[in-house]
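So the structure is just underneath, and the comments pick up after that.
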Amino acid sequence: MDSESLKIFCAVAAELSITNAATRLGRVPSNVTTRIQQLEAEMGAELFVRAGKRIALSAAGERFLDYARRMLALEEEARHVVTGGRDGGALRIGSMESTAASRLPAVLAAYHRQHPATRLELQTGPSRQLIEQVRMGKLDCAFAALPPNNDEFDTMAELGLQARPVWTEELLLLLPAGQPAVHAARDVQPRSLAAFPQGCAYRQLAEHWLGMAGSGGWRIQEMSSYHAMIACVAAGACVTVLPASVLQLSPAAGALRTIALGQADTCLVWRDGFDVPAFQHFTAQLWDLAA
């Protein structure tokens, strides 16, 4: 199970095509096919289901894919550490959509200028899922929202994680332009919340403030971007909760009504003991920029 076989397997899993994977890897298709067959023989299981010229990951292949990616990442991390950072390595960063849009462009650009040999990989998602991926080693670190007095994050140390606040976000309830004055949650119209899927800290805060628990009058529209959420609010179809820093990026900012809901910290979360050179450089620069 050498690293080259793992790279070939991951490429075929991503492309679901021997031909496309071979092109991506600069190999001939027959070589890719042979290496996959050798890997399957070594594993004692079929990693792909073949139907004519089409292939798909088998159940065993889906389970093995996560291990293959982690082994390749660990190999790259080891080389990076042993060379003292001369091998640029990679840094796998997770982030909420809001942070990726409003905070990270300047941070990542500055890091790339100083450390061009390090490959930065960015993945977005809700806070809870990002934290779990850091814990499992699928991400090296992540920017996640930690609302104040949230017991869910009190066990960070027990999970083998560390967290440090980087930015404090002003959270807003965004309402359509025609919304009458709001004195309490019961005054909010329409009764529809645009939000990211479960695991988003801002969604949790919105549900609590709006008193949605046990209420049959509310419905949730799950969306994948703040652009879509703001557009739906502008159309009068729903309300949403988002950081002021994100709303400032939208041309619709001045036309919609807002209510301040308080603050939430965006923290950098990482595993105890994770201290490779690329991460050291990243945090040193991050603390300077956030100061």
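The values are calculated or read from the model by the stated rules, or taken from the named source; none is laboratory data. Everything numeric in this text was worked out from a predicted model, so none of it was measured. Using ideal geometry, Cβ is built from the backbone for each residue, glycine included, and neighbour counts are taken over all protein chains shown. Accessible surface is based on the protein model in full, side chains and every heavy atom, while ligands, DNA and RNA are left aside. Shrake-Rupley method; radii C 1.70, N 1.55, O 1.52, S 1.80 Å.
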Applied in sequence order to region 10-20, the curve 6.51 cos²θ - 1.76 cosθ + 1.60 (Karplus, θ = phi - 60°) yields integer Hz couplings, x standing for Gly and Pro, of 5, 5, 5, 5, 6, 8, 6, 7, 4, 5, 5
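Over all pairs of distinct alpha carbons, what does the Kirkwood formula give as the hydrodynamic radius of region 67-137, in Å?
Details: mean 1/r = 0.0749 Å⁻¹.
Here the Kirkwood hydrodynamic radius works out to 13.4 Å.
Would you mind getting the Kirkwood hydrodynamic radius of region 243-291 from its Cα pairs, rounded to one decimal in Å? Write down the numbers at each step before the final one.
On the way: mean 1/r = 0.0706 Å⁻¹.
Every distinct Cα pair counted, the radius reaches 14.2 Å.
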Taking protein heavy atoms only, a 1.4 Å probe, and rounding to whole percent, the accessible area of the chain owed to carbon and sulfur comes out at 51
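Over all alpha-carbon pairs in region 1-132, figure out the percentage whose distance exceeds 18 Å. All intermediate terms of the calculation are to be shown ahead of the outcome.
Values: 5539 of 8646 pairs.
Counting pairs separated by more than 18 Å, the tail of P(r) holds 64 percent.
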At the level of C-alpha centres, the distance separating region 13-71 and region 186-211, in angstrom, is 42
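Based on Cβ point charges of +1 for Lys and Arg and -1 for Asp and Glu, what charge dipole magnitude is obtained for region 1-119 about its Cα centre, in debye rounded to the nearest 20? The partial results should precede the final answer.
On the way: 16 positive and 13 negative charges, 80 e Å.
Result for region 1-119 is approximately 380 debye, rounded to the nearest 20.
So what's region 137-220 giving for Cα Rg divided by 2.2 N^0.38 Å, two decimals?
Numbers: Rg = 15.9 Å, N = 84, 2.2 N^0.38 = 11.8 Å.
Relative to the rule-of-thumb radius for its length, region 137-220 sits at 1.35.
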Within the under-14-Å Cβ sphere about Ala142, not counting Ala142, Lys/Arg +1 and Asp/Glu -1 give a net charge of +2
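For a protection proxy built on the mean count of beta-carbon atoms within 10 angstrom, sort 102-110, 87-95, 214-222 highest first, please. Working shown, then result.
Values: 102-110: 15.8, 87-95: 21.8, 214-222: 11.4.
With the highest mean Cβ count within 10 Å placed first, the list reads 87-95, 102-110, 214-222.
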Magnitude of the Cβ-charge dipole (Lys and Arg +1, Asp and Glu -1) of the chain about the Cα centre, nearest 20 debye, reported as 860
Sorted list, accessible surface of protein heavy atoms, 1.4 Å probe, largest first, for Glu170, Glu75 is Glu170, Glu75
If each K or R counts +1 and each D or E counts -1, the residues other than Ala213 whose Cβ falls under 13 Å of its Cβ total 0
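So in the chain, what percent of DSSP beta bridges are antiparallel if you round to the nearest 5?
65
Ignoring everything except DSSP H segments at least 4 long, calculate the 222 nm mean residue ellipticity for the chain; use -39,500 (n - 2.57) per segment, divide by total residues, nearest 500. Before the final figure, lay out each step's value.
Working: 11 runs with 123 residues, N = 291.
About -13000 deg cm²/dmol.
What size of dipole, in debye to the nearest 20, comes out for region 156-245 about its Cα centre when the only charges are +1 on Lys and Arg C-beta atoms and -1 on Asp and Glu C-beta atoms? Walk me through the numbers before you get to the answer.
Values: 5 positive and 6 negative charges, 36 e Å.
Its charge dipole is roughly 180 debye.
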Taking only the Cα positions of the chain, the convex hull volume per residue in Å³ is 182
With the label point 7 Å along the Cα-to-beta-carbon line of Thr258 and a cut-off under 20 Å to each amide N, the hits in region 89-106 are 96-106
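So with the 1.4 Å probe, I'd like the accessible area per residue for region 106-222, rounded to whole Å².
Details: 5960 Å² over 117 residues.
Dividing the accessible area of region 106-222 by its residue count gives 51 Å².
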Bounding extents of region 176-234 in its principal axis frame from Cα atoms, largest first in Å, are 28, 27, 17
If one compares the long axis through the Cα atoms of helix 127-136 with the longest principal axis of the Cα atoms of the chain, the angle in degrees, nearest 10, works out at 30
Stretched fully, the stretch from Met43 through Glu222 gains (0.36 nm per residue minus C-alpha distance, one decimal, in nm) 60.5 nm
